[in-house]
Structure formats: C-alpha cells, structure tokens
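The values are calculated or read from the model by the stated rules, or taken from the named source; none is laboratory data. Note that the structure is a prediction, hence the values are computed from the model and not measured. Note that each Cβ is placed from the backbone with ideal geometry, even for glycine, and that neighbours are counted across all protein chains shown.
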Amino acid sequence: MGAPARAAEPALVSASYGRHYLVRPSGGGELVAVTRGKRTDACVGDRVGIRRTGDGQAVIEQIAPRDNEIRRTDQWRSKLLAANVDQVAIVIAGDPPFSEELLLRILAAAAVAGVPAALIANKCDLAAPHASIRARIDAHRALGLPVFEIAAKGDPSQVRDTLRDFLAGRTTLLVGQSGMGKSTLVNTLVPDADLRTQAISTALATGRHTTTFTRLFDLPESVAPDARLIDTPGFQTFGVAHLSASQLAHAMPEFAPFLGRCRFNDCTHRDEPGCAVRDAVQAGRIDARRFQLYGRLVDETLSAPSRQRP
C-alpha cells in the first residue's frame with residue numbers, strides 16, 4: 001500500500017491575477033499558487049487547502065465554504081471580487097462626479113451578500129465639487145449608510161484618525177470607480193503599498209508587468225489594529241445580472257416598509273398596477289432618483305440568461 005495522502009495545508013488567498021494567486025500558509029510566508037485544471041474560482045479572502053509543489057510554489061486543492069462573497073456579473077461572465085469580508089467601503093467623489101448607478105449596483109451586491117457597506121466621500125477639500133454631491137451623500141446617510149468624509153491627499157494622520165475605528169478588527173473590501181482617489185487612499189493607509197504591490201506583481205506574473213489585480217494588505221497597527229484591506233482595481237461597470245428582481249428590491253432599504261403591500265405578490269415595482277412602492281415614490285417617501293436607477297437594474301437582471309440568476 002502507498003503512503004497515505006497528506007492533508008492539505010491551510011492558507012489564505014492574499015492576491016489574485018488571472019489564474020495565479022498568492023497564498024499565505026498558516027505557518028507564515030507567501031507562495032505562488034495555481035488552481036487545478038481550468039478552475040479559476042478562487043478569490044482573495046478565500047480560506048484554501050494547498051499542496052506545495054516546489055520552492056515557493058503550490059497548488060490550491062480545495063476552497064473552504066465561504067461566509068460571503070462579492071461578485072459582479074454581466075450576461076456572459078461572472079467575476080469574484082473577494083470572499084469572507086466583514087464590510088465593503090465604496091469610495092466616491094465629486095471630481096470627477098461619481099456614478100450613482102454604479103454606487104447602487106455595488107450596494108445591491110453587498111446587501112444581497114449580507115455584507116454591510118459604507119461610503120468614503122473623498123476629495124472633501126475640493127469645496128465646489130464636494131458641495132455638488134452633498135445632497136446625494138445626505139440621501140444615503142438618511143438610509144442608515146455610514147459616511148466618512150475625507151481628503152486622501154490631505155493630512156494622512158487625519159484620514160487615518162477618521163477611518164481607524166471603522167477599519168479596526170475587520171477585513172474591508174475597498175471598491176470604487178476609476179478616478180475617485182482610491183489608490184491615494186490605499187497609499188495613505190498602507191505607507192509601503194507601492195513597494196508591496198510591485199513585489200506582488202512580480203510574483204504573480206513571474207516577471208511580466210501587471211497593472212490591475214486584487215490584493216490584501218495588513219494595515220499597520222498604528223493605522224488600525226488587527227485590520228486588513230482588500231484593494232480592487234477601479235472600474236466603470238458593475239454588472240448585477242446574478243441578482244433577481246426580488247433580491248434587488250430587498251436590497252433597497254427604503255422599500256422595506258412597502259414590500260408585501262402590492263396588489264401582486266410577484267410585483268417588480270416597475271409597471272404593475274397597485275404597486276405600493278411606486279405609490280410611495282409618488283408621495284415622496286422614496287427617493288425618485290434611486291427608484292429610477294433600481295428600474296434599470298431590474299430590466300438588466302430580467303433580460304439576463306436564467307443560468308446567471310439564483
């Protein structure tokens with residue numbers, strides 16, 4: 001009889017680029033890992049079992065059940081952003097103006113995943129642009145969404161003081177559309193982020209230049225104790241084709257008092273008669289802008305192939 005198979009070694013996925021990953025074994029250090037066959041379903045934050053295959057190399061043998069996962073999906077493909085996170089922080093700004101539709105998409109994905117979210121309103125030192133988004137910031141704050149107003153290019157200690165309690169003891173997924181100043185914020189929270197990113201890039205791409213990948217940073221204790229930040233590439237689209245119309249409706253906190261009061265049990269709140277949600281919009285009890293954007297998301301998910309929806 002041959003020797004018994006060795007148990008997989010536990011590790012944490014700390015960076016991902018294509019089919020290449022960095023994993024942190026429980027004993028310390030980092031290894032470059034790949035998945036078996038054509039599997040590409042691991043993501044940063046995954047707890048995995050690995051088998052070492054050589055000096056600094058490993059294969060991911062198994063992925064432990066996830067507490068949660070954040071993904072974006074269009075009609076043709078799905079992309080995992082991260083797993084096992086405690087919260088999502090969405091960076092917005094007034095210059096260039098943030099996309100409220102993109103914000104709603106990210107908030108919906110987080111809500112359906114059961115992950116709390118917060119807004120980081122950056123560039124608050126730019127008076128006129130920041131004032132231009134004040135009403136929308138206040139509208140989201142009124143829904144119970146935590147909002148942190150910062151100037152990432154300003155005093156680093158002030159930024160860290162503002163975010164310390166929010167970040168401490170948690171794994172935070174940081175997302176945002178391009179141009180919001182997310183990279184500047186990462187460099188403020190992780191002073192050696194650029195050097196660490198270069199090292200990760202070299203390891204993942206075996207010397208090839210990589211520009212966009214997801215990576216996990218441990219924050220310095222002086223910034224926030226026991227805190228981890230998962231940084232993602234900036235993006236201009238965020239598909240939610242994997243969400244159903246019902247999930248989207250339940251992801252809108254302002255809809256909650258009116259759900260179940262429509263004439264039809266399967267009401268999508270778009271054009272059905274006797275819709276309590278639409279009546280609330282007309283009465284000014286639901287923000288008209290967010291309701292309009294919700295309708296776009298429902299149209300998208302209803303037109304997606306059924307294989308994408310739960």
Self-check item: Leading residue by the ranking (farthest from LEU174 (Cα to Cα)) among those in region 66-95 that are buried (at least 16 other Cβ atoms within 10 Å of the Cβ) and acidic (Asp, Glu)
Solution: ASP74
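Yes/no matrix, rows are residues, columns are (1) in the same structural domain as ILE92 (by TED's automatic domain parsing); (2) in contact (Cβ under 8 Å) with a residue 24 or more places away in the chain; (3) over 28 Å from ARG77 (Cα atoms):
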{"position": "PHE238", "(1), (2), (3)": "no, yes, no"}
{"position": "PHE255", "(1), (2), (3)": "no, yes, yes"}
{"position": "LEU259", "(1), (2), (3)": "no, no, yes"}
{"position": "GLU272", "(1), (2), (3)": "no, no, yes"}
{"position": "VAL281", "(1), (2), (3)": "no, no, yes"}
{"position": "GLY284", "(1), (2), (3)": "no, no, yes"}
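Please go through region 266-306 and pick out each residue that is part of a helix (DSSP H, G or I) and among the hydroxyl-bearing types (Ser, Thr, Tyr).
Residues of region 266-306 part of a helix (DSSP H, G or I): 276-282, 288-303, 306.
Within region 266-306, TYR294, THR301, SER303, SER306 qualify.
Report the residue count in region 14-36 for those that are hydroxyl-bearing (Ser, Thr, Tyr) and either in contact with a His (Cβ under 7 Å, 6 or more places away or on another chain) or free of Cβ contacts under 8 Å to residues at least 60 places away in the same chain (or both). Break it down into steps so the answer makes sense when it comes.
Quick first cut of region 14-36, residues hydroxyl-bearing (Ser, Thr, Tyr) only: 14, 16-17, 21, 26, 35.
Subset that is either in contact with a His (Cβ under 7 Å, 6 or more places away or on another chain) or free of Cβ contacts under 8 Å to residues at least 60 places away in the same chain (or both): 26, 35.
The number of residues fulfilling the criteria is 2.
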Quiz item: (1) within 22 Å of THR172 (Cβ to Cβ); (2) modelled with pLDDT under 85; (3) surrounded by 16 or more Cβ atoms within 10 Å (Cβ to Cβ): which one isn't true of PHE217, the others all being true?
Solution: (2)
